[in-house]
Amino acid sequence: MAKIDHIGIAVKSLAGAKSIYEKLGLTPSPEETVEQEQVRVVMVPVGESRLELLEATSENSAIAKFIAKRGEGLHHVCLRVPDLPAAVERLKKDGVRLVSEEIKTGAGGHKYVFVHPASSGGVLLELVQE
Ligand code: ZN
C-alpha cells in the first residue's frame, strides 16, 4: 500500500527554514546537495514521514523557477509505492502526464518519477519505489 514518504517544501534558505522545526523539537538532517536536481536538501523526520526542505543551488533549478513564480511553499507530495514500474505503466496507459517518461535514479540510488500537476489536482506528485 502507498504511504506518504515526504512532503517537499521550496525555501529560499535552508538555515532559515529549518529553525522552526528545531524549535518544535524535531531534528533536521545535515544538508545534502543533489547535483542532478540542482538543490540542497534537508530532511526533517516527522513520525512515519518527513518534510523535505529544498533550496536551489542554481537559477536554472526547478526550485529557483518555482520560487520566482509562486514564492516559497509547498512544492510536491511524495508517495512511496510497492511497485514503481507497475504504477508508472498503469498511469501511462491511462494517459496520465508525467514530468519525465523514464524512472530516474536519485543520489541515494532510490528510483523516482514525477507526475505533472495537470494530472494530479494541481500538486506535483513524486512517486518513489518502496
Ligand atoms: Zn521529494
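Of the GluC sites (Glu not before Pro) found in segment 14-111, those that fall in a DSSP loop while having at most 10 other beta-carbon atoms within 10 Å are Glu48, Glu59, Glu101, Glu102.
When the listed pairs Lys69/Lys111; Lys65/Lys104; Lys65/Lys111 are checked against a 26 Å cut-off, the alpha-carbon distance exceeds it for Lys69/Lys111.
Normalised by the number of residues in the chain, the mean separation of alpha-carbon contacts (under 8 Å, six or more apart) gives a relative contact order of 25 percent. Kirkwood radius, the chain, all distinct C-alpha pairs, inverse of mean reciprocal distance: 15.3 Å. Among Ser49, Ser61, the order by Cβ neighbours within 10 angstrom, fewest to most, reads Ser49, Ser61.
None of the figures in this text is laboratory data; all of them are computed from the coordinates on show. All figures in this text were calculated on a predicted structure; none of them were measured in a lab. Virtual Cβ from ideal backbone geometry, glycine too; neighbours counted across all protein chains shown.
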